[in-house]
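Any read-out appearing in this document is the output of simple, stated calculations on the displayed coordinates, not a laboratory observation. As the structure is a computational prediction, the values presented were derived from the model and not from experiment. Here the Cβ is made from the backbone with ideal geometry for all residues, glycine too, and neighbour counts use every protein chain on show.
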Amino acid sequence: MNYLPIFIDIKQKPCLVVGGGAIAYRKINLLLKAYAQVTCIAKSSCKNVAKLVNDKKIIYIERSIEPSDVNGQVLIISATNNATLNKKVSELANQNNIPVNVIDSPDLCTFIMPSIVDRSPILIAISSAGKAPVLVRIIRAKLESTLPHAYGKLAELAGNFRDQVKAKFSKIEDKRYFWEKVFSGIIAEKVFSGKIQEAKADLQAQLNNTVEAQVGAVYLVGGGPGDPDLLTFRALRLMQQADVVLYDRLVSDRVMELVRRDAQLIYVGKECDNHTVPQGDINQLLVDLAKKGRRVCRLKGGDPFIFGRGGEEIETLAENGIPFQVVPGITAASGCSTYSGIPLTHRDYSQSCRFVTGHLKDGSMNLPWHELAIEQQTIVFYMALNSVEYLSRQLILHNMRPDMPVALVEKGTTPEQKVYTTTLKELPHLVENETIHAPTLIIIGEVVKLREKLNWFDAKPMI
Ligand code: SAH
């Protein structure tokens, strides 16, 4: 270990920053976050530092540093681009045994500043002792993406209950077991989804032993259109936490690879009209599993609230008093349009965009065709592969141009993605003559023409 990691309490203590530029500003801000009393000495200051002075957040001395300036300081940072000045600051600090950090000059430092992941009161400090700052940045990004932002709130909550828990459990293992359950269970999830009061009540109930039969929870998670990189942080976390995962055909294999290894997987199908498990049974299954205390992830393709029947599933959960949360996902329209180079809106071609289901009920689509067949609008049809003939006819009947550009995006965002372009009139022939597989999304509008120009995805594969 080249350095000893420590956390210093500098609340209300005098700290000195030499330099008034952008880097000095960043360091000043950090010190202020830790409630230090900051003095900045510099011959000139940038706009941001000037604002801090104006707001009376720091003391500013507009001149060069003098030896007496370091008296009484508990910490000194030199952030100037003048090597001689930096050296002088370092020497002054050393003569007075005050810890000093000089930006980009490890030899002049008696302490270094780590990269920080801030979930106050939880703080993670990362350092490579100056050997690999880029690697440190990568590690930090990884931690930032996997640690829920509300960890701080969870730690605060735990702090408020610390004495009660200490009083209740005499054995240290019992105490540890209690906290492990809190930090990796439903109480933590409630904090992460903003339900702090509920989490507090649950924690109190656990301590009072007034918890009735342990109820689990259901996470209705949007798994996005296929590419696992498009999952949200929260989706990934819940997928890795769940005891049971209910998934359907739209969830890609690569997304499924990311669920917890030992989770029980239940396939509930859904292939257009061929529902492997009827919707009512899925709703009931979610309730039954949660009542047994399981944490259930209901994983859906795209976004659960966009043609996903997510609303129906949570209705049943609410009726049965099952705790649940819904995690949005990238819907097929977003994923397919970006991965095929077709912006859904564009100042020159389209000012609005409609998401429409093309699912035929009783052989017809009950849609406001006159509202769809208007200029300067993009229409995105979900579940419409079997109804192209009908929709093409209706739109033309309602005065849409027969040569309006159309794109079909098959298995969008996956390695098997295929994009077909045609016109509204030719659309039924294309579907008849090509073997196009579900899931396929249909985009209709002038914006489809932009694909040739903007198709970065096909043009530059990122592998
Ligand atoms: N909740 C989902 C949509 C479910 S409806 C979402 O928000 O994306 C199912 C329809 O979505 C399919 O018939 C197809 O039209 C479209 N779809 C879903 N994933 C797709 C994908 N990867 N590529 C193309 N279309 C997709």
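Brief remarks follow.
- In a fully extended conformation the segment linking Glu91 and Asn455 would gain 125.3 nm over its present Cα-Cα distance, using 0.36 nm per residue.
- Packing around the peptides 189-199, 130-140, 48-58, taken as the average count of other Cβ atoms within 10 Å per residue, puts them in this order, highest first: 189-199, 48-58, 130-140.
- Length released on extending from Thr110 to Asn160, taking residue separation times 0.36 nm less the Cα-Cα span: 14.3 nm
- For the range 215-330, a Kirkwood hydrodynamic radius built from all Cα pairs, placed in the Stokes-Einstein relation at 20 °C and 1.002 mPa s, yields a translational diffusion coefficient of 157 µm²/s.
- Radius ratio Rg over Rh of the range 14-113, counting only Cα atoms, Kirkwood formula for Rh: 0.92
- Most to least packed among 15-25, 302-312, 156-166 [average Cβ atoms within 10 Å]: 15-25, 302-312, 156-166
- In degrees, nearest ten, helix 83-95 long axis to first principal axis of the chain (Cα): 60 degrees
- Reciprocal of mean inverse Cα separation for the chain (Kirkwood radius, Å): 26.9 Å
- Highest average packing first - 289-299, 81-91, Cβ atoms within 10 Å: 289-299, 81-91
- In degrees, nearest ten, helix 196-208 long axis to first principal axis of the chain (Cα): 80 degrees
- Crossing angle, helix 388-397 versus the chain [Cα axis fit, 0-90 degrees, rounded to tens]: 90 degrees
- Spatial separation of Cα centroids for the range 436-450 and the range 16-66, in angstrom: 55 Å
- Greater than 23 Å apart at Cα, pairs in Lys142/Lys175; Lys418/Lys453; Lys33/Lys88; Lys195/Lys291; Lys11/Lys175; Lys181/Lys292: Lys142/Lys175; Lys33/Lys88; Lys11/Lys175
- On the principal axes of its alpha carbon atoms, the range 63-159 extends 45, 31, 23 Å, with the longest extent given first.
- Computed label-point distance, nm, for sites Asp9 and Lys291 using a 7 Å Cα→Cβ extension: 5.2 nm
- Each of His437 and Ile124 was given a label point 7 Å from its Cα along the Cα-to-Cβ line. The distance between the two points is 3.8 nm.
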